[in-house]
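Okay, structure first, notes after.
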Amino acid sequence: MRPDEQTERSAINKKRPLAAIFGCSGTALNAEEKSFFRDADPLGFIIFSRNVENPSQLQQLVSDLRETVGRENAPVLIDQEGGRVARLGQPNWPTFPPAETYAKIFAHNNENGITAAYLGGRLIGHELFKLGITVDCAPVLDIPQADADPIIGDRAFGNNAETIITLARAFSEGLMYSGVAPVIKHIPGHGRALVDSHKHLPQVDATMNELEMDFSVFHAMNYMPWAMTAHVVYTAIDDKNPATLSTEVIANVIRKQIGFRGFLVSDDLSMKALEGEMQTRAQLALAAGCDAVLHCNGDMAEMKNVASGARQITSASWARFKLGNLQRHIAGEEEKEEDEFDVSEARKSFDSLIGSAGKA
């Protein structure tokens, strides 16, 4: 390799950010956060309710976050599913129902259920895109079981694989046509967990035959740009490590059996399902095969530990990220070319369909 080629490649490599996505503590960045984000250069950021006052404030915060890393395409994420998982709401933003509502409409009228799910994603995406938020941590593809912890519950698009696939696909298309990337979660499936992974580490003892039904939903949507791992131990695959930290689960199930080729981000490292120092959690998740780790609570000491355990994003992960950005961008441009989205009319249609759920 010529010296000039080596220098050029080195410069290109330095442009790749840290394989981490961070939250922040409040509605505006403080001096320490600006300095830390500038030096750590994380891939992106995530927004929570504590970061939100009003649209103009949030737009400014999103802009300031990207300014710290100097990348206009730095992803900014949010959990905006609808129902009980929504970081934006009244009085500044419209409300949206939980995913279960679409399934109720679908059970009465398939076409109406699909239309409602699409419009839900389209309208949520429209609100997010205006704010500069480009990634929505939705839809949930988990199939909830009757005896499972209610953490999934009404966040699911039904209770069988076929319905979930149909409605989650429509919802995802709505997001993407608004220029927002969906994140399918919690891969390879959280619906059998008997405890909430925010509080404890779930252990699922289902057989591989049983698990394959859960995997089938993710397999059907393996072309999506982003996915988020489950902090769940599947004893039939790896009886020691949760999916987030398991090479076996990520390599052989998520990447091979499910066939997911998009950008894989961990669920929040600060959840109590995981043990050990944040530095170690980050190291193990990335070593297991996550493309990036997610840390949400904005705690500076924890973020510094995550940064010390993370590494520069790999070239393969960077390529997956860029492809996901391209998919989102193309979908948004295609919609703009087809017709101008009438938000008011779409919301009227959406509200009418949602109103029919109670009559189904």
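For P182, state whether it is under 21 Å from G259 (Cβ atoms), buried (at least 23 other Cβ atoms within 10 Å of the Cβ) and without any contact (Cβ under 8 Å) to a residue 60 or more places away in the chain. Criteria not met by P182. Taking the range 240-272 as the range and being under 18 Å from V195 (Cα atoms) and either modelled with pLDDT under 95 or of a type outside the set (A, V, I, L, M) (or both) as the test, the residues that pass are K240, N241, P242, T244, D267, D268, S270, K272. The residues on offer are I151, I143, and the sole one that is of a type in the set (V, I, T), assigned to a loop (DSSP other than H, G, I, E, B) and within 19 Å of D79 (Cβ to Cβ) is I151.
Look at the range 244-270: where a residue is over 15 Å from H190 (Cα atoms) and in contact (Cβ under 8 Å) with a residue 24 or more places away in the chain and a partner is in a loop (DSSP other than H, G, I, E, B) and of a type in the set (D, E), sitting 6+ places away or on another chain with Cβ atoms under 7 Å, you get F263/D291; L264/D291; V265/D291.
Can you find even one residue in the range 207-219 that is in contact with a Pro (Cβ under 6 Å, 6 or more places away or on another chain) and assigned to a loop (DSSP other than H, G, I, E, B)? For the range 207-219, residues in contact with a Pro (Cβ under 6 Å, 6 or more places away or on another chain) and assigned to a loop (DSSP other than H, G, I, E, B): absent.
Sub-7 Å Cβ pairs linking a first residue in the range 22-38 that is closer than 18 Å to A310 by Cα and at pLDDT 95 or above to a second residue that is among the hydrophobic types (A, V, I, L, M, F, W, C) and in a loop (DSSP other than H, G, I, E, B), at least 6 apart or interchain, are G23/F48; G23/C296; E33/C24, ordered by first then second residue. Residues of the range 45-102 being of a type in the set (G, A, S), crowded, with 16+ Cβ neighbours inside 10 Å and part of a loop (DSSP other than H, G, I, E, B), which ones? Result: A74, single match. Restricting the first member to the range 311-332 and to residues that are under 17 Å from R255 (Cβ atoms), and the second to residues that are at pLDDT below 95, the beta-carbon pairs closer than 8 Å and six or more apart or on different chains are S315/N13.
A single entry from S270, S308 fulfils the requirement of being under 15 Å from L43 (Cα atoms) and of a type in the set (S, T, Y): S308. The C-beta contact set for the range 140-152 (first residue touching a residue at least 12 places away in the same chain (Cβ under 8 Å), second residue assigned to a loop (DSSP other than H, G, I, E, B) and of a type in the set (D, E, K, R), distance under 7 angstrom, 6+ apart or interchain) comprises Q145/R192; A148/R192; D149/D196; I151/D196; I152/D142.
Within the range 214-225, residues that are crowded, with 24+ Cβ neighbours inside 10 Å sit with their Cβ atoms under 6 Å from residues that are of a type outside the set (D, E, K, R) and part of a helix (DSSP H, G or I), at 6+ positions apart or across chains, in these pairs: V217/A161; V217/I164; V217/I165. Scanning the range 220-257 for residues that are part of a loop (DSSP other than H, G, I, E, B), of a type in the set (V, I, T) and either farther than 30 Å from A170 by Cα or out of contact with any Pro (no Cβ under 6 Å at 6 or more places or on another chain) (or both) turns up T235, I237. So is D238 touching an Asp or Glu at 6+ places or on another chain (Cβ under 9 Å) and touching a residue at least 24 places away in the same chain (Cβ under 8 Å) or not? It is false that D238 is touching an Asp or Glu at 6+ places or on another chain (Cβ under 9 Å) and touching a residue at least 24 places away in the same chain (Cβ under 8 Å). Residues that are buried (at least 22 other Cβ atoms within 10 Å of the Cβ) and either small (G, A, S) or under 17 Å from F96 (Cα atoms) (or both) within the range 153-179 comprise R155, A156, F157, G158, L167, A168, A170, F171, S172, G174, L175, S178, listed in sequence order.
Just give me the residues in the range 75-105 being among the aromatic types (F, W, Y) and either within 17 Å of R169 (Cα to Cα) or over 18 Å from the mean Cα position of the chain (by Cα) (or both), in sequence order. Correct list: W93, Y102.
What about S308, is it under 20 Å from P17 (Cβ atoms), part of a helix (DSSP H, G or I), touching a residue at least 12 places away in the same chain (Cβ under 8 Å) and polar (S, T, N, Q)? Yes.
The values are calculated or read from the model by the stated rules, or taken from the named source; none is laboratory data. Keep in mind that what you see is a predicted model, and the values were worked out from it rather than measured. Because the Cβ atoms are built from the backbone with ideal geometry, glycine has one as well, and the counts that use them run over all protein chains shown.
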